1. Please compute the net charge surrounding A:Arg236, taking Lys and Arg as +1 and Asp and Glu as -1 over other residues with Cβ under 12 Å from its Cβ.
2. Using the alpha-carbon centroid of each, what span in Å lies between region A:181-233 and region B:181-241?
3. Heavy-atom accessible surface, probe 1.4 Å, ligands and DNA/RNA ignored: which residues of region A:246-275 lose at least 40 Å² versus the isolated chain?
4. Evaluate the Kirkwood expression for the hydrodynamic radius of region B:203-306, namely the inverse of the mean inverse distance over all pairs of different C-alpha atoms, and round to one decimal in Å.
5. Give me the orientation-averaged projected area of the Cα convex hull of chain B, in nm², one decimal.
6. What is the Cα radius of gyration of region B:113-258 over 2.2 N^0.38 Å, N being its residue count?
7. Could you calculate, for the protein assembly as shown, the ratio of the Cα radius of gyration to the Kirkwood radius, expressed as Rg to Rh?
8. Find the centroid of the Cα atoms in region A:90-165 and in region A:272-318, then give the distance between the two in whole Å.
Number of protein chains: 2
Amino acid sequence: MKKFINDPGEVVAQALAGLAAAHPELRVDPDNQLVIRGDAPVRGKAGIVSGGGSGHEPLHGGFVGPGMLDAACAGEVFTSPVPDAILAATRAADGGAGVLHIVKNYTGDVLNFEMAAELAGDEGIAVETVLVDDDVAVRDSTWTAGRRGTGATLIVEKVTGALAEEGASLKDVAAIGRAVNERSGSFAVALTAATTPAAGRPGFDLPDDEMEVGVGIHGEPGRRRAKIAPAAEIARVMVDAILAAKPAQGRTIVLLNGLGGTPLLELYLLYGEVAALLAERDVEIARNLVGNYVTSLDMAGASLTICHADDEILRLWDAPVRTAGLRWGV
Amino acid sequence: MKKFINDPGEVVAQALAGLAAAHPELRVDPDNQLVIRGDAPVRGKAGIVSGGGSGHEPLHGGFVGPGMLDAACAGEVFTSPVPDAILAATRAADGGAGVLHIVKNYTGDVLNFEMAAELAGDEGIAVETVLVDDDVAVRDSTWTAGRRGTGATLIVEKVTGALAEEGASLKDVAAIGRAVNERSGSFAVALTAATTPAAGRPGFDLPDDEMEVGVGIHGEPGRRRAKIAPAAEIARVMVDAILAAKPAQGRTIVLLNGLGGTPLLELYLLYGEVAALLAERDVEIARNLVGNYVTSLDMAGASLTICHADDEILRLWDAPVRTAGLRWGV
């Protein structure tokens, strides 16, 4: 298998050890596979916890730090973290003002976060949940009732993290997280399948001249298979799908995200096509982010997320953030 | 071909258009394929120019901005920029205090930067050059007399950029750039070959169970082919090779760099192994950077760069930088 690993069963634990070595400002709880902000819990601040299966790095552990998450739970690759780990993260994040759970809409994650929220409630920790379901490609999917949660998760984590840092209440932080999700749509295209360390071979077959249009971040099927098309045409499919589901309203934050195996050269080229199309449609891009942020291991592919933002969302997007995977203003 | 492109001959130009759309704080000169700091030339500041073949993004265009480069020349994929383009970049960067050329040691780049430096001299622009040749894997290589220039380029660009920003003279900026190069060693391992848009297939054959040990960033052969090994063993090969060529002296900056197709999960795992080995050898890691920074398109692989830094180099490493590919402190 063409991977920098030792034992396939130890990949996540050993990657977390490497993250801890690289970032002494974070704490890693190896037993629960948590990444925790070094100064957590921050007294009086609404805590923010996210998590999910590993293999989507820098999401979520790479987004822990001032201005974003207080703690992230890393499940095994493409596998939800268990309720006990989520509960431990919730405790670590609780500074007395309650904790927000940011949950991508996959059945395992939803169930395990729900259970952890109940357990936390029994301990007197107030929990609110934002369910992210931004992927407009398909209605239901493998492991998902309703739309899948993908790229908008980054925007939800950034915006709620900034508001929590200002001392807003848990209810207000949750409300803006839900607003960001509601205003966001995403659509992904895969050129190759990801290879998990456990399987050692690509998760699905994709002929040399075909792409999966509307793919999920675990390789779930999309809307259709199609012959590989020029970037301009792929951009049009993505933009049309998102704007059909989430019509334009105001200015936007655009995330052009690589799925792990796609070079930045191609991502910028594709971003140029997206920007040109949005200009044609009179959709203003107020902020943008181009790079590999919500990945699917080594999958060659890209996702587009458009968030129709208001002034408050843009203000919080611009607020300082200091994490391993996203940093500005500090 | 599994790429987000339109016409293979237009990839670099269209990617630069995308970069310009994403980063209005930069200027892109499409004719010369340059990325230029928006406020260049900065009056009285030593200008800094780098460049080389495309396909290594975010190097170099992603490192243009306050605290790093004033301009970057993007050649076609894996092809040196022409002297006229380098001259145009030099003019754009010259604020009257002369211009530093940071050149990776490949024959085409060296010749073209030399010619551009001569032409700039004829126009009265003082030019100094730092030749980066940090790759300890092989002495000579395809397209290279002497050692190849790789990961240390990022550190040279960061440190010289910071010193120039403080108003230091061209000679002093060049001197610290040479010191960083002298103190740095790099070593790369490829698990797969990169596919250029022009060729449309992998640049070399690498069997499913083998790796290229000591590979160059264009897929140049390394020291040997070997069976894929555990990450701990690969880390040991890298660390031993670098410390043999560049013995420890003081604290280090460690760059664990992905070659484009390797997920962050694996890079952090590998970084953990490197950190453990350096601790065993009493080499202190004062700063580190983990991610895809000096890439080879979609190559699965990683390089390790160790820079034996002094206090001044560390101070300049920590200075604020605001570019598309590297940002902190602002």
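The values are calculated or read from the model by the stated rules, or taken from the named source; none is laboratory data. Predicted model only: the values in this text are computed from it and were never measured. Positions of Cβ are backbone-derived with ideal geometry, glycine not excepted, and every protein chain shown enters the neighbour counts. All accessible areas refer to the heavy atoms of the entire protein, side chains included, with ligands and DNA or RNA removed. Shrake-Rupley method; radii C 1.70, N 1.55, O 1.52, S 1.80 Å.
1. Working: positive: A:Arg281; negative: A:Glu233, A:Asp240, A:Glu273, A:Glu280.
So the surrounding residues net to -3.
2. Their Cα centres are 27 Å away from one another.
3. Buried by the other chains: A:Pro263, A:Leu264, A:Leu265, A:Glu266, A:Tyr268, A:Leu269.
4. It works out to 14.1 Å.
5. Details: hull surface 60.1 nm².
The orientation-averaged projected area of the Cα hull of chain B comes to 15.0 nm².
6. For region B:113-258, the normalised Cα radius of gyration is 1.21.
7. Numbers: Rg = 23.5 Å, Rh = 24.6 Å.
Result for the protein assembly as shown is an Rg/Rh of 0.95.
8. When both Cα centres are located, 21 Å separates them.
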